[in-house]
Structures are given as C-alpha cells and as structure tokens.
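Participant: Dropping a structure here in structure tokens format, bear with me for questions.
The values are calculated or read from the model by the stated rules, or taken from the named source; none is laboratory data. Computed from a predicted model, the values in this text were never measured in an experiment. Positions of Cβ are generated from backbone atoms using ideal geometry, with glycine treated the same way; all protein chains shown enter the neighbour counts. The area values use the complete protein model at the heavy-atom level, side chains included, leaving out ligands, DNA and RNA. Shrake-Rupley method; radii C 1.70, N 1.55, O 1.52, S 1.80 Å.
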Amino acid sequence: MTAWMEFEAFLSLPSLPCWWTDPLRQIEMKPRTPSLVQAVQLALQLDMFSDFLVPDRLRPKAPPATPVPDHNRKASDTTAPTLPKPTAPALPPSTFVNVSNKRQILIQDYLLEYDLQRSKRRSIGFLINENGLRITAPRWVTIADIEKAIHEKQSWIVRKLSERRERAQRQLEPAMRWGDGASLPYLGGKIILRLVPHAPQPAYFHEEQRELSINLPADAGEQQLKDRVQSWLQQEAKRIFNARLPVFAEKLGVRYHSMALSAATTRWGSCTSQGKIRLNWRLIHFSPMIIDYVIAHELAHLREMNHSPRFWATVQSVFPDFESARQHLRQHATADLPKF
C-alpha cells in the first residue's frame, strides 16, 4: 500500500475521541492537583531524604572534627590555640538605674542628693524613701524654684532623712534571741527574761532586778516563751492604760465609753464619736511619757474629731510637750519591736 492510500485509510477510520478534540478527554488528561494530605506526605517523604525544608537554625550541628595528631610535627611547634575573647555579661534590665535626674544641693553644710521627677501635678512634692529624697515637680517649675522650696523644707528633710537612717540601722541589728537571759523593752527600759521552772506564778516581774521570771522549763520552745511574755505584757498594758485614761479624761472634761487593746500594725490608737478608745498594746514597750501622749491624743478627739489646729491646741493644754513625744513615736514602728 502506498503512502497515499495509507493516509486515505486513516481518514476513513471512524472518528474516535481524542484528547485534542474531545473536551471531556481534555478534562481527564489535565494534571491533577495533589490534595493537602498528599502534599504533606510528599513533604514528609522529601524530609526523610533531604533537609532542604529545614531552616538552618533547626538543623543539627555537626560535631567538631577530632584533630588528627601530626606525628611529623616538631616539639617546638607549640602554637597555642586561639580562644574566643570573653564578653562582659549583660546586666539584667532590673539593675538598670536612670541617674539622669539626680541632682545635688548644699543645705545646712550638708550636700544633699535628690531625685527630680517631672509630672503633671500642680505643686512640688517631697518624699523620703529607702533611696533618699525624691522631688516631684511640674514641668514648668524652674530649678531655682525647686531649690528654693528645698531650702524652705530643709528642717523637715534633714529630720526625715535622719529618722530613715536610724530605722535602717535598727533593722541591721541582730534579731532578738528568745531564751533565758534575753532582754526585752518595757516602759522605755530593758528587762531580762528568766526561765524559772516550778515558779508559783506564770510570770512575775522583779522591779529591783528588772527581771521577768517566766514559769517554763529551760528547754521550753521559743513560741511557748513568746506566748507567755506577750500575755504578761498585754495584762500590764491594760492595767496601765486603765489607770491613765481617767487622769486625762478629767483634765479634758470628757467621758469615754470603754477601752480595748489593739494589735494594729500602723496605728497606735483610735477613738470613735461614741467614746470607744482602742490603744495598741505595743505601747507598753515605750516610756510612760509616750503612753500618756497617745492617751491624751485619743481623748482629745472627744472634743475635736479631727487634726485641726484646735485639736492640737487641745492636746497641748493637757500635754504641753506633745511635739517631742509625737516625733519620738514617729521614729518607731511596730516592725522595730520584738516579734511575737
């Protein structure tokens, strides 16, 4: 058969579906898009044989090559290995201190350093904390005005800084050792604790020896001793407070309803308009003068339920030296006293 006849025979064949003529066939012959599962499987297969999908930071580090000893190397060739230069450790953010606001001024022959903070407040504020003096002032107030205010408040600043230093010094003192021979503050002085087994009373105070005898064995626990001493101190506080309250009530011309002991950590006493007085039993550690001041202070509230000039005049009328007693009490806090 000639080539022409073969071509005619080809044309005479029945028409068959073909991929370039049949649209359905075209759809069947299109490459299929792999599904998500197939893509993941493919990636996993690739990952098993190649690490091109793994970022550099996640690729395992190759172990350092073990140096091969050179037997031909001379003993004189002793070049030291190059070591990386040590870098200074970075300070944590919490240790960073901004000292750009620190300033100094000379007051009372004393070079005072203070921290100046600018704010939106309308007046100049003074604060004494563990870091010293901090002054907060509006942005528009000049340094000259701030230093003028410091000179006007210098007596208060110096006194408060001194009180802060004294308190910090007391906190550095060793804690009280509870046991036979320990000392305890009582009415402004010191008394000695003595453990006396089989004593006739749970606690007995010897005025001349300034000793408090506690009926406990020598091997008694610390908390047992604390509880016994605290009970005795509270009884003494109630006895002394009840004896001094009528004295100042008569001087002030007032009548109070009742008195109760308090164990507050930030308040030495309180008084209600109904005449109910509460006094902190820790006052028993202070001198009688301090106790009288607090009692006069609380009873004066029955005439002036405020801290106005009239109130302080009322206190002064029965306790003239109230200012020194007030300052002495401010220098101490219940945290400075023995821990029970």
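Participant: For M259, M176, give me the order by solvent-accessible area with a 1.4 Å probe, most accessible first, ignoring ligands, DNA and RNA.
Facilitator: Largest accessible area first, the list is M176, M259.
Participant: Using modelled backbone amide H atoms (1.01 Å from N, in-plane), which distant-in-sequence or interchain residues come within less than 5 Å of G188's amide H?
Facilitator: F286, S287
Participant: Which links in K160/K339; K120/K148; K226/K251 stretch past 30 Å when you go from one Cα to the other?
Facilitator: Exceeds cut-off: K226/K251.
Participant: Let me ask you something else. Can you give me the accessible area per residue for segment 190-340, using a 1.4 Å probe, in Å²?
Facilitator: 54
Participant: Kindly state, to the nearest 0.05, the FRET efficiency for R165 paired with S123, given R0 = 25 Å and r defined as their beta-carbon distance.
Facilitator: Details: r = 27 Å, r/R0 = 1.08.
Approximately 0.40, to the nearest 0.05.
Participant: Under the classification rounded if a/c is under 1.5, otherwise prolate if a/b is larger than b/c and oblate if not, where does segment 98-230 fall, given a ≥ b ≥ c as square roots of the Cα gyration tensor eigenvalues?
Facilitator: prolate
Participant: At R0 = 35 Å, how high is the FRET efficiency between L187 and E250 if r is their beta carbon distance? Nearest 0.05 is fine.
Facilitator: 0.95
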